[in-house]
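Okay, so here's the structure we're looking at.
The values are calculated or read from the model by the stated rules, or taken from the named source; none is laboratory data. All values derive from a computational prediction rather than experimental measurement. Please note: Cβ atoms are built from the backbone with ideal geometry, for glycine as well, and neighbour counts cover all protein chains shown.
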Amino acid sequence: MKTSFFLTAFCILGLSIYLVWNMVGINNHDIAISVSENDDTYTFTASYNAANNQQVYDYINKNISPDQLGNSANDYFDVTTSLPDKTTFYIKESPGKLKIKLDKRRNSTASYYRIKNMCEGIKRLLAGGR
């Protein structure tokens, strides 16, 4: 009888710790990055901890400078934007999610590499390197 009580108590305690762990986000290092490329488009998609949003936001703004994408990392974007060098790309961003899509036919090779390098930098940033 005592053994089953202790086993039940241990299971309930373990389940409680697991649920709190997931709800609080202590173990929320899940990062999903996808890059898709064909002759016409380059697409970068990332899902990450929303706590990293400010870093991602700052990195993007640094790479598209002198342009800026809004005023804070809590802004939501779903726009197609053109930079002064004629680079045009689609960006959809919300806390913890990012999608960047570049139409290769509408952009120069230099523009393609600019966006691709920016996306590679975002990937390194999310993986813990700078």
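I need the full set of residues from the range 63-96 which are surrounded by fewer than 16 Cβ atoms within 10 Å (Cβ to Cβ), touching a helix residue (DSSP H, G or I) at 6+ places or on another chain (Cβ under 9 Å) and at pLDDT 90 or above, in order please.
Filtering the range 63-96 down to residues surrounded by fewer than 16 Cβ atoms within 10 Å (Cβ to Cβ) leaves 65-72, 74-76, 78-82, 84-86, 88, 92, 94.
Restricting the remaining residues to those that are touching a helix residue (DSSP H, G or I) at 6+ places or on another chain (Cβ under 9 Å) gives 67-70, 72, 74-75, 85-86, 88, 94.
Hits for the range 63-96 are D85, K86, T88.
For the range 97-123, enumerate the residues that are surrounded by 12 or more Cβ atoms within 10 Å (Cβ to Cβ), of a type in the set (K, R) and either in a helix (DSSP H, G or I) or not assigned by TED's automatic domain parsing to the domain that holds F44 (or both).
K104, R106, R114, K116, K123
Name every residue in the range 8-39 that is over 22 Å from V56 (Cβ atoms) and at pLDDT 75 or above, in order of residue number.
The answer is T8, I12, N38, D39.
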